[in-house]
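Trainee: The following block contains the structure, expressed as structure tokens.
The values are calculated or read from the model by the stated rules, or taken from the named source; none is laboratory data. Treat the numbers as computed from the prediction; the structure is a model and nothing was measured. A quick note on method: Cβ atoms are made from the backbone with ideal geometry, for glycine too, and the neighbour counts reach across all protein chains shown.
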Amino acid sequence: MQVSVENTSALERRMTIGVPAERIETEVNKRLQQTARKAKIPGFRPGKVPMSVIRQRYEDGARQEALGDLIQATFYEAVVEQKLNPAGAPSVEPKSFEKGKDLEYVATFEVFPEFSVAGFESVSVERLSAEVADSDLDNMLEILRKQNVSFEVADRAAQNEDQLNIDFVGKIDGEAFAGGSATGTQLVLGSGRMIPGFEDGLVGAKAGEERVLNLTFPEDYQNLELAGKTAEFTVTVNTVSAPTLPELNEAFFNQFGIKETGIEGFRTEVRKNMERELRQAIKSKVKNQVMDGLLAANPIEVPKALLENEVNRLRVQAVQQFGGNIKPDQLPAELFEEQAKRRVELGLIVAEVVKQFDLKPDEARVRELIQEMASAYQEPEQVVAWYYKNDQQMNEVRSVVLEEQVVDTVLQKASVTDKAVSYEEAVKPVEAPQAD
């Protein structure tokens, strides 16, 4: 087998491969012999059909099958021989495909970038620290009460936080549109569930009242078919119900699976959950800063094949999350390219750190993470046992731990500043930068 490689760009390779005719004929004959043993042809007993008849009937198919398999096999033999690491499937172009002659084809493909991760010292991290204060716990209890609010019909005008039962019909240019109408819908004013202006437009309405709202869908609305369009909603208010917060009693505690512990026991469990959330938030923010620093210090070229695969994966996720009558490939690729590029770059950089420092998942940390996640359940021992019986879940946890070990490796050389903050600030999500 003859192989030559041409570098057509930083990552693209054009590899010409020649396969001797003898190897092709050997593969063709193997397939014909296999066919001869089971072929059923009138006038001949199974296994007794002359090879000339077998060849006449089946050689073309056997040759096509042999050539396809040989291209696949010799391509991988060639990349191993040339010590190349393909980042995607090759584009194959036959140059010589004639019977009795050597097979020659050209495979064009991208390779993974070769680089060493550096610049750990340039990574700057602000590591937050915080505690769950009694006031934070009190605020959380109020949030839990509001999440379990009940409503009673009230004979008055609607206010924010009231629940309205409404019918509505939405029209664009006088025509009703899919998903724009409903009957008997329960809507809490101020919840932000509807598009801007819808809920505000119902404040002050009474049961039996009809209101017409002229509103515009946001430019970034999840249903791209409606984004930026102006619609008229005719809304009928059926009932207005006022909110009633539940008491902090045993019946309320039982909703969370916490029984016979009283208010102090409930506060203890809520505090544990808040502390777990706090640890996760701090860890996540440190990790994001480390990853941002690694990206800035290690600019790399991304294989187009990996980028396209990630864009397609994000398209599918978007359709699954938001639904609508749209197929993944109908979503513009540019919507996902920046996120996909970041994911692919980080994947390559993290993998290289693992390789450079010969990192292996710390099984003690794996168990610690599983126990941390299991502690949120009523029967944590059962959850731990379930993880250890599920290979796929265990591999996912090991991947998370390995990524944490990458972060720890970077932090050993990075510039780290510790900052004490409030619980609220520590768990507050980082706002994405606004586009200019």
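Trainee: For the range 200-234, how many residues meet the condition of being closer than 16 Å to residue 158 by Cα and under 32 Å from the mean Cα position of the chain (by Cα)?
Mentor: Adding up the residues that qualify gives 0.
Trainee: Cβ-Cβ distance below 7 Å, separation of 6 or more or different chains: which pairs start in the range 28-55 with a residue that is within 28 Å of residue 98 (Cα to Cα) and touching a residue at least 12 places away in the same chain (Cβ under 8 Å) and end on one that is of a type in the set (Ser, Thr, Tyr) and crowded, with 16+ Cβ neighbours inside 10 Å?
Mentor: As it stands, the answer is 32/58; 35/58; 54/35, since those pairs meet every condition given.
Trainee: Before we move on, is residue 309 polar (S, T, N, Q), part of a helix (DSSP H, G or I) and touching a residue at least 12 places away in the same chain (Cβ under 8 Å)?
Mentor: Working: polar (S, T, N, Q): yes; part of a helix (DSSP H, G or I): yes; touching a residue at least 12 places away in the same chain (Cβ under 8 Å): yes.
Criteria met by residue 309.
Trainee: Residues of the range 79-92 being surrounded by fewer than 18 Cβ atoms within 10 Å (Cβ to Cβ), touching a residue at least 12 places away in the same chain (Cβ under 8 Å) and either touching a His at 6+ places or on another chain (Cβ under 9 Å) or not in a strand (DSSP E or B) (or both), which ones? Spell out how you get there, then give the answer.
Mentor: Initially, the range 79-92 is screened for residues surrounded by fewer than 18 Cβ atoms within 10 Å (Cβ to Cβ), giving 80-85, 88-89, 91-92.
When the remaining residues are screened for being touching a residue at least 12 places away in the same chain (Cβ under 8 Å), the result is 81-82, 84-85, 88-89, 91-92.
Across the range 79-92, the qualifying residues are 81, 82, 84, 85, 88, 89.
Trainee: Let me ask something additional. Suppose we filter 167, 136 for residues that are in contact with a strand residue (DSSP E or B) (Cβ under 7 Å, 6 or more places away or on another chain), surrounded by 14 or more Cβ atoms within 10 Å (Cβ to Cβ) and either of a type in the set (Phe, Trp, Tyr) or farther than 24 Å from residue 19 by Cα (or both); which single one remains? Steps first, answer last, please.
Mentor: On the way: 136 fails: in contact with a strand residue (DSSP E or B) (Cβ under 7 Å, 6 or more places away or on another chain).
After ruling out the rest, the residue left standing is 167.
Trainee: Could you tell me which residue of the range 256-274 is nearest to residue 132 (Cα to Cα), considering only residues that are of a type outside the set (A, V, I, L, M, F, W, C) and touching a residue at least 60 places away in the same chain (Cβ under 8 Å)? Step through it out loud before you land on a result.
Mentor: Just the residues of the range 256-274 that are of a type outside the set (A, V, I, L, M, F, W, C), to begin with: 257, 259-262, 264-265, 267-269, 271-273.
Among the residues that remain, those that are also touching a residue at least 60 places away in the same chain (Cβ under 8 Å) are: 257, 267, 271-273.
Details: 257: 22, 267: 12, 271: 7, 272: 9, 273: 10 Å.
By that ranking, first place goes to 271.
Trainee: Could you check, for the range 210-230, whether at least one of its residues is surrounded by 13 or more Cβ atoms within 10 Å (Cβ to Cβ), closer than 29 Å to residue 163 by Cα, at pLDDT below 95 and of a type in the set (Phe, Trp, Tyr)?
Mentor: Checking the range 210-230: at least one residue is surrounded by 13 or more Cβ atoms within 10 Å (Cβ to Cβ), closer than 29 Å to residue 163 by Cα, at pLDDT below 95 and of a type in the set (Phe, Trp, Tyr).
Trainee: Looking at the structure I just gave you, is residue 64 surrounded by fewer than 11 Cβ atoms within 10 Å (Cβ to Cβ) and in a helix (DSSP H, G or I)?
Mentor: no
Trainee: Starting from the range 97-109, take each residue that is under 15 Å from residue 76 (Cα atoms) and list its partners that are acidic (Asp, Glu), counting only C-beta distances under 9 angstrom and pairs at least six apart or across chains.
Mentor: 105/93; 106/93; 107/93; 108/12; 108/93; 109/12
Trainee: Against the definition (surrounded by 15 or more Cβ atoms within 10 Å (Cβ to Cβ) and assigned to a loop (DSSP other than H, G, I, E, B)), how does residue 326 come out, yes or no?
Mentor: Working: surrounded by 15 or more Cβ atoms within 10 Å (Cβ to Cβ): yes; assigned to a loop (DSSP other than H, G, I, E, B): yes.
For residue 326, the condition - surrounded by 15 or more Cβ atoms within 10 Å (Cβ to Cβ) and assigned to a loop (DSSP other than H, G, I, E, B) - is met.
Trainee: Another question, if that's okay. Counting just the residues of the range 247-267 that are surrounded by 14 or more Cβ atoms within 10 Å (Cβ to Cβ) and within 37 Å of the chain's Cα centre (by Cα), which one comes out nearest to residue 148 (Cα to Cα)?
Mentor: So, considering only residues that are surrounded by 14 or more Cβ atoms within 10 Å (Cβ to Cβ) and within 37 Å of the chain's Cα centre (by Cα), the one nearest to residue 148 (Cα to Cα) is 252.
The rows are residues; the columns are (1) at positive phi; (2) polar (S, T, N, Q); (3) in a helix (DSSP H, G or I); (4) surrounded by 17 or more Cβ atoms within 10 Å (Cβ to Cβ).
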{"residue": "273", "(1), (2), (3), (4)": "no, yes, yes, no"}
{"residue": "276", "(1), (2), (3), (4)": "no, no, yes, no"}
{"residue": "342", "(1), (2), (3), (4)": "no, no, yes, no"}
{"residue": "358", "(1), (2), (3), (4)": "yes, no, no, no"}
